[in-house]
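Read the structure below first, then the notes.
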């Protein structure tokens, strides 16, 4: 049964939906070397799609806008989204193959990733009618460049909160960086896009693009700057087994917190905890925590600090 779009959506997630083939290995292979994986899983992935799943597991309404092919990978991913309660009315389906990622994960949680997507599968400008969607927050990842910029401008006129998941520099993230309320980027994007050599200087410079800026630093936490000031948040310590998708989950839960108008530092803690918990399981999709798991983790962290 096709999920129907509700009148009001907490978070609309626009961008990439891939299917991840995740191999666990003892070490990354060398040139011309064949090695055997210790485990394998297949699951949906992609920044925006994972963000939508994170919102749904946070007990809010999420809708995903992206492309999935009419192939076995697209069908499996589509079913995953629907089973999780993510609204799929605006998922574009077509005969072009779904985007695929091969993820190779080492025991320490570090990974290598190869992604493939056909250029023809990007959603064409004007092909989706967003007029019926009433969203509190729109989360972009820049991977649907033909529809995202106009949607971000329209959201600004309607006072809809917008968030950019800027993992790397490409056309989509470059165009959206100055059009969103929350520019949330990786250290790689922050340093490269700003041209600065430290995250502190980078976050300062990026504040000329967006009123709220966050640079995530992996196992070194994050830095932020907005009208409330600036600061740094230390990371939550977990035993990482796969870092794939941690950033996606961070962005999804942050968007969910913004939709609920949570306090700024509380929002950062919730998002950081969600990203950390995602690292404790193999596979980004399988590692996305529920709201209850996040709150239990935060309560335990608070108790340990007393």
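The numbers here are math on the coordinates, done by the rules we state, and not lab data. Bear in mind that the values here come from a model prediction, so they are computed numbers and not experimental data. In this analysis, Cβ positions are derived from the backbone assuming ideal geometry, glycine residues included, and neighbour counts consider all displayed protein chains.
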Order these peptides, 113-119, 164-170, by their mean beta-carbon neighbour count within 10 angstrom, highest first.
-> 164-170, 113-119
Report the residues of the range 226-254 in range of a label on residue 300: point 7 Å along Cα→C-beta, backbone N strictly under 11 Å from it.
-> 238-239
Honestly the range 95-240 on the Cα gyration tensor test (a ≥ b ≥ c root eigenvalues; a/c under 1.5 rounded, otherwise a/b vs b/c for prolate or oblate) is just oblate
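Expressed as a rounded percentage, what relative contact order does the chain have, with Cα pairs under 8 Å and six or more residues apart? Intermediate values should be presented prior to the final figure.
On the way: 712 pairs, mean separation 56.1, N = 306.
Relative contact order comes out at 18 percent.
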Mean projected area (nm²) from the convex hull of Cα positions in the range 20-168 is 10.4 nm²
Hey, how many Å between the Cα centroid of the range 223-241 and the Cα centroid of the range 12-46?
-> 28 Å
Please find the FRET efficiency linking residue 26 to residue 237, where r is the Cβ-Cβ separation and R0 is fixed at 22 Å, and quote it to the nearest 0.05.
-> 0.35
Build a GNM of the chain with springs between Cα atoms under 10 Å: which of 79, 20, 95 gets the top mean-square fluctuation?
-> 95
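From the Cα gyration tensor of the chain, with a ≥ b ≥ c the square roots of its eigenvalues, which class applies: rounded if a/c is under 1.5, or else prolate if a/b is larger than b/c, or else oblate? Kindly include the intermediate steps, with their values, before the conclusion.
Values: a/c = 1.31, a/b = 1.01, b/c = 1.29.
Rounded.
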Nearest-0.05 FRET efficiency for residue 293 and residue 116 at R0 = 25 Å, using Cβ-Cβ distance, is 0.15
Distance between the range 152-174 and the range 80-148 - C-alpha centres, whole angstrom | 15 Å
Exposure proxy ranking, count of Cβ atoms within 10 Å, fewest first, for 144, 120, 199 = 120, 199, 144
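Shape verdict for the range 1-74, please, from the Cα gyration tensor: rounded (a/c under 1.5), prolate (a/b greater than b/c) or oblate.
On the way: a/c = 3.15, a/b = 2.46, b/c = 1.28.
It is prolate, given that a/c is not under 1.5 and a/b is the larger ratio.
Using 0.36 nm per residue of separation minus the Cα-Cα distance, give me the extension gain between residue 89 and residue 35 in nm, one decimal.
Working: separation 54, 0.36 × 54 = 19.44 nm, distance 4.16 nm.
Contour length minus Cα-Cα distance gives 15.3 nm.
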What nm value, rounded to one decimal, do you get for the distance between residue 263 and residue 108 when each label is placed 7 Å out toward the C-beta?
-> 3.8 nm
